[in-house]
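Student: I have a structure I would like to understand better, so I am pasting it below and will then ask my questions one at a time.
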Amino acid sequence: MSKSEGFFYQVHQVAKKIPFGRVTSYGAIANYLGTPKSARMVGWAMNASHNDSEVPAHRVVNRVGLLSGKHHFEGTNLMQQLLESEGVIVKEYKVQDFETLFWDPMKELR
DNA sequence: TGAATGACTTCGG
DNA sequence: CCCGAAGCCATTC
């Protein structure tokens with residue numbers, strides 16, 4: 001209902017570009033959008049994304065690979081199941097081998 | 001208008 | 001990466 005859709009739109013676009021079986025962080029997306037301070041808003045955009053476009057929000061985790069947004073998904077382990085469905089190993093709310101699976105839009109997408 | 005909230009990050013220990 | 005505290009920013013009440 002405001003210009004904020006532009007910010008959400010950008011976040012959605014980047015999220016959609018995340019390769020299969022890869023993950024990224026909110027800060028990475030925020031940094032790519034030029035607003036590293038608004039990392040929290042990326043999560044907010046994700047919250048809005050589930051209501052509109054099909055955004056792989058499950059591929060977006062925090063800086064340590066922790067599934068911080070897990071509680072916002074349906075059920076109790078949907079996010080983890082989605083990641084595991086893509087071959088991502090998740091243990092105790094955390095992505096294993098996160099540094100290897102990490103996808104930085106700034107370096108990869110450029 | 002002001003205060004509270006949160007799917008984060010960074011810094012220091 | 002574990003723990004605690006502070007900063008940032010958009011949205012909501």
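Bear in mind that the values in this text are calculations on the coordinates, not laboratory data. If you're wondering where the values come from, they're calculated on a predicted model, not measured in any experiment. Note that each Cβ is placed from the backbone with ideal geometry, even for glycine, and that neighbours are counted across all protein chains shown.
Student: Within the stretch A:73-88, is even one residue of a type in the set (Gly, Ala, Ser), touching a helix residue (DSSP H, G or I) at 6+ places or on another chain (Cβ under 9 Å) and within 13 Å of DNA strand C (Cβ to nearest atom)?
Tutor: Scanning the stretch A:73-88, I find no residue that is of a type in the set (Gly, Ala, Ser), touching a helix residue (DSSP H, G or I) at 6+ places or on another chain (Cβ under 9 Å) and within 13 Å of DNA strand C (Cβ to nearest atom), so the answer is no.
Student: Within the bounds of the stretch A:69-92, is there any residue that is small (Gly, Ala, Ser) and surrounded by 13 or more Cβ atoms within 10 Å (Cβ to Cβ)?
Tutor: Within the stretch A:69-92, the first condition is being small (Gly, Ala, Ser), and the residues that meet it are A:69, A:75, A:85, A:87.
Filter once more, keeping what is surrounded by 13 or more Cβ atoms within 10 Å (Cβ to Cβ): A:69.
So far as the stretch A:69-92 goes, yes, one or more of its residues are small (Gly, Ala, Ser) and surrounded by 13 or more Cβ atoms within 10 Å (Cβ to Cβ).
Student: Could you list, in sequence order, the residues of the stretch A:66-110 that are part of a loop (DSSP other than H, G, I, E, B) and within 12 Å of the chain's Cα centre (by Cα)? Steps first, please.
Tutor: Of the residues in the stretch A:66-110, the ones part of a loop (DSSP other than H, G, I, E, B) are A:67-69, A:73-77, A:86-89, A:92-93, A:96-97, A:103-104, A:110.
Passing the criteria: A:Leu67, A:Ser68, A:Gly69, A:Trp103, A:Asp104.
Student: Let me ask another. Considering each of A:Arg40, A:Arg63 in turn, give the residue that is near DNA strand B (Cβ under 8 Å from one of its atoms), surrounded by fewer than 16 Cβ atoms within 10 Å (Cβ to Cβ) and either aliphatic (A, V, I, L, M) or in a loop (DSSP other than H, G, I, E, B) (or both). Spell out how you get there, then give the answer.
Tutor: Working: A:Arg40 fails: either aliphatic (A, V, I, L, M) or in a loop (DSSP other than H, G, I, E, B) (or both).
Residue meeting the stated conditions: A:Arg63.
Student: Examine the stretch A:18-28 for a residue that is assigned to a loop (DSSP other than H, G, I, E, B), under 16 Å from A:Val95 (Cα atoms), β-branched (Val, Ile, Thr) and more than 11 Å from DNA strand C (Cβ to nearest atom), and state whether such a residue exists. Spell out how you get there, then give the answer.
Tutor: Here is the first cut: in the stretch A:18-28, the residues assigned to a loop (DSSP other than H, G, I, E, B) are A:18-22.
Those still in the list that are under 16 Å from A:Val95 (Cα atoms) too: A:18-22.
Okay, now just the ones that are also β-branched (Val, Ile, Thr), so A:18.
So of that shortlist, the ones also more than 11 Å from DNA strand C (Cβ to nearest atom) come out as A:18.
Checking the stretch A:18-28: at least one residue is assigned to a loop (DSSP other than H, G, I, E, B), under 16 Å from A:Val95 (Cα atoms), β-branched (Val, Ile, Thr) and more than 11 Å from DNA strand C (Cβ to nearest atom).
Student: If you check A:Leu82 against the conditions, is it within 19 Å of A:Val11 (Cβ to Cβ) and not small (Gly, Ala, Ser)?
Tutor: On the way: within 19 Å of A:Val11 (Cβ to Cβ): yes; not small (Gly, Ala, Ser): yes.
Taking the combined requirement at face value, the residue satisfies it.
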